[in-house]
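Data block below; observations after.
The values are calculated or read from the model by the stated rules, or taken from the named source; none is laboratory data. Note that the structure is a prediction, hence the values are computed from the model and not measured. Here the Cβ positions follow ideal geometry from the backbone for every residue, glycine too, while neighbour counts run over all protein chains shown. Ligands, DNA and RNA are excluded from the accessible area calculation, which covers all protein heavy atoms including side chains. Shrake-Rupley method; radii C 1.70, N 1.55, O 1.52, S 1.80 Å.
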Amino acid sequence: EAKRKGRNRFEYYNSKLDEHSDRVFSLLQKLRPAILNNKLEVYFQPLIDLHSDTICSMEALVRWPQEDGAMIFPDQFIPVAESSGLINKLGAFVLEEACRFCAHQHSIGNDKLTVAVNLSFSQFRDNSLPGIVESVLKKTGLAANFLELELTESILADEQGNISTQLEQLKKLGVQFAIDDFGTGYSNLNYLRSFNAGKLKIDKIFITTLGIDEKHEMLVSAIINMAKSLDMKVVAEGVEGDAAKTKLIELGCDIGQGYLWSKPIPESQFNELLKVERQANDLHLTFDESPA
Ligand code: C2E
Ligand code: MG
Ligand code: MG
Ligand code: MG
């Protein structure tokens, strides 16, 4: 009986594995043509400067719209792209869209806006990344210091690979860096200090319940203080409510990102968002300047 059960369980896991690899395989078969035929889209999510309450940056987040109106999210297809070698093409596409949109914003007067692009570990595999970044900046005309590359701690921790050489080359181009998903990886504070990124992004698992539940408050406070002592700006991702925002301001966090302000949205909607903000500011200025 036990033996039979054991075998059943084995077959169960086996069929789960098959299901999984079938799904990955069919995703991959659809992803390749989607990338080649420009079917992916880049959405943008605003980052809010908590001191001035204005949009200071935007993060480029890739989306895969389906014919039937459904949307596939990056957590599902980025891993497939990474393991199949498609990530370089995908990454270059996102980078170019992001830089082009940011350069466009500068040309219409939003000339302080920066843009953040996520990088995968596997984009460093063939040493082509610094060259791609350099040519995209040239092609789009975006000044390097307005591009911010988001790295996870695992990328910094790669010692035997050739990642650090490429990071040095990227630094020489003048691009900025942010450490993404901080608190979920294997933090090596020594790498963090010596790498000298401009920003630290606290992972959303610590942020969403902030101000409601005290569980993560000490931790977030400690991360903010540590980042400050390393001269880094702190970004909180996953800010969903006013309670979290209020708490973050109280703790000295610099920048917020989350559904409280906006989900990731297509370019046209982002334009609207900026327009509304500008109008509100103009109104503000008019009031400020009018005689009492
Ligand atoms: P990430 O870089 O940490 O991006 C933030 C994720 O949090 C995004 O998910 C965003 O939609 C989500 N988010 C933002 N605000 C909130 C909030 O208030 N509440 C909640 N619950 N979530 C929020 P998304 O767009 O699904 O992306 C997931 C991950 O996929 C990203 O995490 C990033 O690691 C990866 N990714 C996305 N685009 C790219 C890309 O172009 N290249 C690479 N290599 N990775 C990408
Ligand atoms: Mg990110
Ligand atoms: Mg990330
Ligand atoms: Mg994250």
Matching option when the condition is among the aliphatic types (A, V, I, L, M) and within 16 Å of ligand 4 (Cβ to nearest atom), among A280, A236:
A236
Touching a Pro at 6+ places or on another chain (Cβ under 9 Å) and either within 14 Å of Q176 (Cα to Cα) or within 16 Å of ligand 4 (Cβ to nearest atom) (or both) - does that describe any residue in the stretch 96-116?
no
If you scan the stretch 101-133, which residues turn out to be within 17 Å of the chain's Cα centre (by Cα) and either basic (K, R) or closer than 14 Å to V42 by Cβ (or both)?
F101, C102, V115, A116, V117, N118
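Results for (1) part of a helix (DSSP H, G or I); (2) within 27 Å of E272 (Cβ to Cβ); (3) open to solvent by less than 30 Å² (accessible area, probe 1.4 Å); (4) touching a helix residue (DSSP H, G or I) at 6+ places or on another chain (Cβ under 6 Å), shown as yes or no for each residue.
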site: N38; (1), (2), (3), (4): no, yes, no, no
site: S57; (1), (2), (3), (4): no, yes, yes, no
site: R63; (1), (2), (3), (4): no, yes, yes, no
site: E67; (1), (2), (3), (4): no, yes, no, no
site: I78; (1), (2), (3), (4): yes, no, no, no
site: F93; (1), (2), (3), (4): yes, yes, no, no
site: E97; (1), (2), (3), (4): yes, yes, no, no
site: R100; (1), (2), (3), (4): yes, yes, no, yes
Examine the stretch 126-146 for a residue that is outside any helix (DSSP H, G or I), surrounded by 20 or more Cβ atoms within 10 Å (Cβ to Cβ) and within 16 Å of ligand 4 (Cβ to nearest atom), and state whether such a residue exists.
no
Which pairs have Cβ atoms under 7 Å, sit 6 or more apart or on different chains, and link a residue in the stretch 170-185 that is under 22 Å from I205 (Cβ atoms) to one that is open to solvent by 50 Å² or more (accessible area, probe 1.4 Å) and within 12 Å of ligand 2 (Cβ to nearest atom)?
D180/N118
Here the residues within the stretch 100-112 that are out of contact with any strand residue (DSSP E or B) (no Cβ under 6 Å at 6 or more places or on another chain) and within 25 Å of W64 (Cα to Cα) are R100, F101, A103, H104, Q105
Among the candidates D49, D18, D22, which residue alone is among the charged types (D, E, K, R) and modelled with pLDDT of 95 or more?
D49
Taking the stretch 150-191 only, how many residues are out of contact with any strand residue (DSSP E or B) (no Cβ under 7 Å at 6 or more places or on another chain) and assigned to a helix (DSSP H, G or I)?
16
When every residue in the stretch 147-157 that is at pLDDT 95 or above and open to solvent by less than 10 Å² (accessible area, probe 1.4 Å) is compared, the one nearest to ligand 1 (Cβ to nearest atom) is E150
Note on the stretch 160-186: residues within 16 Å of ligand 1 (Cβ to nearest atom) and closer than 18 Å to N145 by Cβ are L167, L170, V175, Q176, F177, A178, I179
Take the residues in the stretch 187-206 that are touching a helix residue (DSSP H, G or I) at 6+ places or on another chain (Cβ under 6 Å) and open to solvent by less than 50 Å² (accessible area, probe 1.4 Å), then tell me which one is farthest from ligand 3 (Cβ to nearest atom).
F195
Would you mind stating whether D53 is surrounded by fewer than 16 Cβ atoms within 10 Å (Cβ to Cβ), within 18 Å of V276 (Cα to Cα) and under 21 Å from the mean Cα position of the chain (by Cα)?
yes
Which condition does L200 not pass, out of (1) within 14 Å of ligand 1 (Cβ to nearest atom); (2) within 28 Å of K172 (Cα to Cα); (3) touching a residue at least 40 places away in the same chain (Cβ under 8 Å), if it passes all the others?
(3)
Taking the stretch 216-262 and keeping residues near ligand 1 (Cβ under 10 Å from one of its atoms), in a loop (DSSP other than H, G, I, E, B) and farther than 18 Å from M58 by Cβ leaves E240, G241
Could you go through the stretch 158-174 and let me know if any residue there is buried (at least 18 other Cβ atoms within 10 Å of the Cβ), at positive phi, out of contact with any Lys or Arg (no Cβ under 8 Å at 6 or more places or on another chain) and not aliphatic (A, V, I, L, M).
no
